[in-house]
Amino acid sequence: MSGPDFDGRRGRWIGAPVRRREDPRLVTGRGRFLDDIHLTGLLHAGFVRATVAHGRVHEVDLTAVREVEGVVAAYSAEDLGLGDIVALLDRPPEEYTPTTMPILARHKVRFAGEPIAIVIAKDPYAVEDGIEAARVTYDVLDAVVSEEAALAADAPLVHEDAPSNVLLDVTSFDTPGVDEAFQESGCVIDLVTRSARQNALPLETRGAIASWDERDEQLLVQTCSQVPHQVRTVLARSMRLPEQSVRVTVPDMGGGFGQKCVVGREEIAVAAAAKRLGRPVKWIEDRRDALTAGFLAREQRYRTRAAFTAEGKLTAIDADIVCDMGAYSCYPFTVGIEPLMAAAEMPSVYQLPAYRVRARAIASTKAPTAPYRGVSRPQYVLVMERIMDLAARRLGLDPVEIRRRNLITEFPYRGVNNVTYDPGSYLESLELAEKTLRAEGWYELRERAAAEGRHLGIGYSCFSERTGYGSEAFAKRKMTVVPGFDISEIRMDLTGSVVVTSGTMNHGQSHETTFAQLVAERLGLDLAKVKLRQGDTERIPYGWGTFASRSATIGGSAVATAATRLGEQLCVIAAHLLGTRVENVELDGDGGVVQLDDPTRRMAFEELADVAYLRSHLLPKETPPTLTATAAFDVPGDGTFSNATHAVVVEADPGTGQVKILRYACVEDCGVVINPKVVEGQARGGIAQGIAGALFEEVSYADNGEPSAASFIDYLVPTATEIPDISVDHLETPCAFTESGAKGAGEGGTIGAPAAVLNAVNDLLWHTGVQLESTPVHPEAVLTALAGAHRHEKASTPV
Amino acid sequence: MSDKHLIVLTVNGIDHELLVEARWTLLDVLRHQVELTGTHVGCEHGVCGACTILVDEEPVRACLVYAVQAEGHAIRTVESLGTPTEPNDLQEAFSARHGLQCGFCTPGFLMLAEGFLTQRPTPSREEIREAVSANLCRCTGYQTIVDAIEDTARRRAGQTDPEPEAVR
């Protein structure tokens, strides 16, 4: 494709809005997603799933299934005999109760949709016929669908060995001075916030194609996963195979957003069936299963007390956090993922002297949860930002002013939460966002609107997000399986082109482009000569995949370091061939090495590669005949922190209660921007998902545990008419820990949006006396508040 | 369920003789019988639009049509638009505007836009946004998709220098 690509010869690929290298295949339908792969002799699989939320399995009768035309096999847990998935934290029993997730449910089902048997047939239609013929009988037990039900004294136990349905219970911080701060405070904010269960909802559902190669004694599992190496480990353990007998590859992936960064059970059942049948088996999750049985997230309740001085300085927070994690712990993150994230990072961008927090994960008879873009940060940021707005109202301060008085402005800042924040632009982003809204006249418009009986509100949210979680940061959380580092290998061929590997896994973040930019920058090589390989456990030494906005920071740093090392090798060879010292040469930024004291003497990479591979007798004595370099990278200490301010203007329709976003401004700082188009795309897409959480999406359950959102008719994903145009301004506070100075940009949008939108809605509702503290905000709630205010003939009095 | 029908589907100008079950959707037959996998499966209940194709130049959800119903109609899939080395102007605009991330929903949006622009060659931005709301994208937040379609409409109308619309 033609396009105004950046001129790499000037030596600056970083920061250039180069065209995506992924696009030519994706816009022409030539992408290769999982379901596009066909293998000879391929069979199809689907799952018999629990129809009740909670029950003892009395009998699994697959006799009729096996008689259905086109069905090749059907297996229950007993037939496959696989090892269970157990996700562990390195914490004492009083803090953490591990749970066991069988690949197929055996004696008990714990949520409606839990897989009980796998059906394999000649085509997906016959699979459905087979699933319908299955007969499963249960002794039905009471469902556990709410916090109140889970924690009740006589609650039915989801896991018999987890008393009170509490899987994790930690008091992470209880610093001196909390009680005193509340006693001395003239302004205490009491707040209960709730966020509904949400689905990360990648457009491409989960899936796997497994095939057993008898000649090679190797299982090949092609799957949609953000973490292929971790899938390999669980597959090998559950199937009792050495890891060398399992290869996991990932083709193009249609989104993940965290849902695909844990190991699912269906992939393992599919692999076991393929091995047993000696034929390739494909499973593509349908949307109904994806909505009801895919990993979910976000169902949290916070009870928060916050103390302020009369000047609006935050002095203490005392929080109680309960996260409903559903039926099972996910691998490798466990049910600790949401509560531990929330407890550790809740103070966000604010200076906080005293902090007490208790965080619990509870089990329920609902689909299990996994990390979802932002992981708890949308929720605790919402709490912090609501607290700021409520205190501002109470103290008669402007919402921006109270933030200004509390933001961290001196770095590095060591927080009460024992985290060192790396430098950011917390105040600068807030001030720029406010300036933007003021310059555009939104404040005046809000005034005018109130006079005209329209309902406009303005809301802000400020946040930072830890992005480059290195292994030290994850170890602090006491994970037994500790993510954090990444490895990259780079290899140059005879044409002077390179193939570079990364253990990260692209699923829309443009890795093929931004990683190539990093390599092109480091080697002084044209972008067209760089190719990225990801998602293959045999080709990539090891990798921790893509989550927690870690790709550019950690994966990108490994890639850049490997490229630097290859550059050094090229310089050594070039110096030798030019007959000069290595200190007297350097990469010339245009695919070659130049002699410093005589720039007319230069060697192109092609010439060096020619010597390295075809005439290796000319190489320096100690230099091996290969142009390959490997590098590992880990972010030290507490990691990197991106930050942003979101500013939103909303209007509520007094007739329907519907909230429309009139203006959305994002000022973000993810350190050095490798590709502004990619960063803006990440911000906007994230914000759309944050707006979805604020106003639309909700996985609810009937009292018997039946999920009520099994299709897009009930699960409201916002479309182009609900998501506004969004402006994105970049501030750049370079990161000292990463090779490029980048900090990570995947999750920020999702983190900031719910708080900003909710604050804007509450701003327009302030005169009604009603404030909404749960997401999503339903039109009915807005309508009721507005109607109530109208009845009482209260004037609109926005600040 | 083994009753099969011999049908001829005209896809991207080529006739395909196919043996299909009456219950097979056009989507499945296009992907697995005709082996044009550019059209994607998103929800199979007509909401997400990832499977949007053109039937007689009208955007249609391929998941809501049975293959046997499509006989005698002109079907166009994303593969008809352009190739990686020679994309059409709309595909070019999607790339130029960063109108895709994971790319899974993209063929559906492209076919939706192709059909829409044929029917409304000079739409307003609001009309584009309204049309685009037929499909779901989980990555982009839609703005850059609207941008890409707007650019294409302007170019096709002979306005060579599209001005990006201000955010408000």
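The values are calculated or read from the model by the stated rules, or taken from the named source; none is laboratory data. Fair warning: this is a prediction, and the values are worked out from it, not measured in the lab. Virtual Cβ from ideal backbone geometry, glycine too; neighbours counted across all protein chains shown. Calculation scope for accessible area: heavy atoms of the full protein, side chains included, ligands and nucleic acids excluded. Shrake-Rupley method; radii C 1.70, N 1.55, O 1.52, S 1.80 Å.
Cα convex hull of segment A:257-321: how many Å³ per residue?
142
Net charge near A:SER549: determine it from the other residues with C-beta under 10 Å of the C-beta of A:SER549, scoring Lys and Arg +1 and Asp and Glu -1.
Summing Lys/Arg as +1 and Asp/Glu as -1 gives +2.
With springs connecting C-alpha atoms under 10 Å apart, model chain B as a Gaussian network and identify which of B:PRO107, B:PRO59, B:PRO123 has the largest mean-square fluctuation.
B:PRO123
Just to confirm the filter: which GluC sites (Glu not before Pro) across segment A:139-236 are DSSP coil and have at most 15 other Cβ within 10 angstrom of their Cβ?
Sites meeting the loop and neighbour criteria: A:GLU160, A:GLU214, A:GLU217.
Please state, as a whole number in µm²/s, the translational diffusion coefficient that the Stokes-Einstein equation yields for segment A:459-606 at 25 °C and 0.890 mPa s, with Rh defined as the Kirkwood radius across alpha carbon pairs. Intermediate results must be reported in sequence, preceding the final value.
Numbers: Rh = 16.8 Å.
Here the translational diffusion coefficient equals 146 µm²/s.
Which residue, B:VAL11, B:CYS43, B:GLN33, has the largest displacement toward the positive end of the dipole of segment B:6-55 when charges sit on each Cβ (Lys, Arg +1; Asp, Glu -1)?
It is B:CYS43.
List the chymotrypsin sites (Phe, Trp or Tyr not before Pro) within segment A:469-569 that fall in a DSSP loop (any state other than H, G, I, E or B) and whose Cβ has at most 12 other Cβ atoms within 10 Å.
Hits after loop and neighbour filter: A:TYR542.
Just add up the charged neighbours of A:SER464: K/R +1, D/E -1, any other residue whose Cβ is under 12 Å from the Cβ of A:SER464.
Overall, the nearby charge balance is -4.
Taking H placed 1.01 Å from N in the peptide plane, check which residues at least 5 places from A:VAL72 or on another chain put their amide H under 5 Å from its amide H.
A:ILE120, A:ALA121, A:LYS122
Could you state the orientation-averaged shadow area of the convex hull built on the Cα atoms of the protein assembly as shown, in nm² to one decimal?
41.3
Considering only protein heavy atoms and a 1.4 Å probe, what is the carbon-and-sulfur percentage of the accessible area of segment B:89-156? Each step should come with its number before you reach the end.
Details: 870 of 1770 Å².
Of the solvent-accessible surface of segment B:89-156, carbon and sulfur hold 49 percent.
At q = 0.13, 0.23 Å⁻¹, work out log10 I(q)/I(0) for segment B:89-156 with the Debye formula, treating every Cα as an identical point scatterer and leaving solvent out; two decimals please.
Normalising to I(0) and taking log10 leaves -0.27, -0.92.
Calculate, in whole percent, how much of the Cα-Cα pair population of segment A:134-240 lies beyond 18 Å. Mind dumping the intermediate values first?
Working: 4379 of 5671 pairs.
Value for segment A:134-240 (Cα pairs over 18 Å): 77 percent.
Give the relative contact order (percent, whole number) for segment A:167-293; include only Cα pairs under 8 Å separated by 6+ residues.
31
List, in order, the whole-Hz ³J(HN,Hα) value for each residue of segment A:708-719 obtained from phi through the Karplus relation with A = 6.51, B = -1.76, C = 1.60 and θ = phi - 60°; use x for Gly and Pro.
9, 10, 9, 8, 6, 6, 9, 9, 8, 7, x, 10
Please identify the DSSP H helices in chain A that span no less than 30 Å along the helix axis (Cα) and have a mean Kyte-Doolittle hydropathy of -1.0 or more.
A:556-578
Pairing the Cα long axis of helix B:106-119 with the longest principal axis of chain B, what angle in degrees results, from 0 to 90 and rounded to the nearest 10?
80
Going by average Cβ density within 10 Å per residue, which order do the peptides A:764-774, A:715-725 take, highest to lowest?
By packing density, highest mean first, the sequence is A:715-725, A:764-774.
What are the trypsin sites (Lys or Arg not before Pro) within segment A:506-580 that DSSP puts in a loop, where the Cβ has at most 16 other Cβ atoms within 10 Å?
Counting only loop positions with at most 16 other Cβ atoms within 10 Å, the trypsin sites (Lys or Arg not before Pro) in segment A:506-580 are A:ARG539.
Relative contact order for segment A:623-709: what is it in percent, counting Cα pairs under 8 Å that are at least 6 residues apart?
This gives 18 percent for segment A:623-709.
Charges at C-beta only: +1 for Lys and Arg, -1 for Asp and Glu. How large is the resulting dipole of chain A about its Cα centre, in Debye rounded to 20?
Charge dipole, chain A, about its Cα centre: 700 debye, nearest 20.
Put +1 on the Cβ of each Lys and Arg and -1 on the Cβ of each Asp and Glu in chain A; which of A:THR467, A:THR137, A:LEU291 then has its Cα farthest toward the positive end of the dipole?
Highest projection toward the positive end goes to A:THR467.
What is the dipole size for segment B:4-80, taken about its Cα centre, with +1 at each Lys and Arg Cβ and -1 at each Asp and Glu Cβ, in debye to the nearest 20?
Computed about the Cα centre, the dipole is about 200 debye.
So how strong a dipole does segment B:89-156 carry about its Cα centre when Lys and Arg Cβ are +1 and Asp and Glu Cβ are -1, to the nearest 20 debye?
40
For segment B:89-156, what does the relative contact order come out to in percent, with C-alpha contacts under 8 Å and a separation of six or more?
53
A:VAL672's amide H: which non-local residues (gap 5+, or another chain) put their own amide H closer than 5 Å, with H modeled 1.01 Å from N in plane and none for Pro or chain starts?
A:CYS735, A:ALA742, A:LYS743
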